[in-house]
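K.L.:
Pasting a structure here, questions to come.
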Amino acid sequence: MAKKSAKKAAKKAAPKKAPKKAVKKVAKKAVKKVAKAPASKPAKKAAKKSVRKPSAAFMKALTPSPALAAVVGSKPLPRTETVKKIWDYIKANKLQDSKNRRMINADEKLKPVFSGKAQVSMFEMASHLSKHLS
């Protein structure tokens with residue numbers, strides 16, 4: 001693999017109208033340099049990274065509106081859990097549009113959450129949900 005990259009580098013370094021023999025010579029020199037280069041040292045063990053903590057704003061428990069409570073329950077939940085429960089409901093009731101999977105077809109429980117719209121995109125869903133969490 002090193003030979004191939006050395007040959008490519010040699011071709012780029014060679015002048016445009018150079019004969020093929022000159023390119024081959026330059027490539028051979030580059031391959032020899034790569035072969036003579038000392039082997040890289042084995043990588044040291046990476047220091048343990050701290051586990052990424054979610055933002056406190058996402059984890060704050062929010063109370064759902066009565067319309068949203070019909071779908072996710074009435075107890076306060078973090079925004080992330082609310083979105084998970086909405087997706088569970090959507091998948092359980094097969095509310096994703098069959099042709100365009102980005103669209104969600106609202107049933108009777110979701111229509112009030114989606115401001116009365118019959119169909120909402122995944123990306124709009126977050127803005128509709130934020131209106132129902134406080």
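Just so it is clear, none of the values below were taken in a lab; they were calculated from the coordinates. As the structure is a computational prediction, the values presented were derived from the model and not from experiment. A quick note on method: Cβ atoms are made from the backbone with ideal geometry, for glycine too, and the neighbour counts reach across all protein chains shown.
K.L.:
If a residue must be under 26 Å from the mean Cα position of the chain (by Cα) and closer than 23 Å to Ser134 by Cβ, how many such residues does segment 66-105 contain?
P.N.:
Within segment 66-105, residues that are under 26 Å from the mean Cα position of the chain (by Cα) and closer than 23 Å to Ser134 by Cβ number 16.
K.L.:
Filtering segment 87-115 down to residues that are among the small types (Gly, Ala, Ser) and closer than 13 Å to Leu68 by Cα, which residue is surrounded by the most Cβ atoms within 10 Å (Cβ to Cβ)?
P.N.:
Only one residue fits best here, namely Ala106.
K.L.:
While we're looking at this one, here's another question. Hey, among the residues in segment 116-134 that are among the hydrophobic types (A, V, I, L, M, F, W, C) and over 15 Å from Leu68 (Cβ atoms), which one's surrounded by the fewest Cβ atoms within 10 Å (Cβ to Cβ)?
P.N.:
Out of the qualifying residues, it is Phe123.
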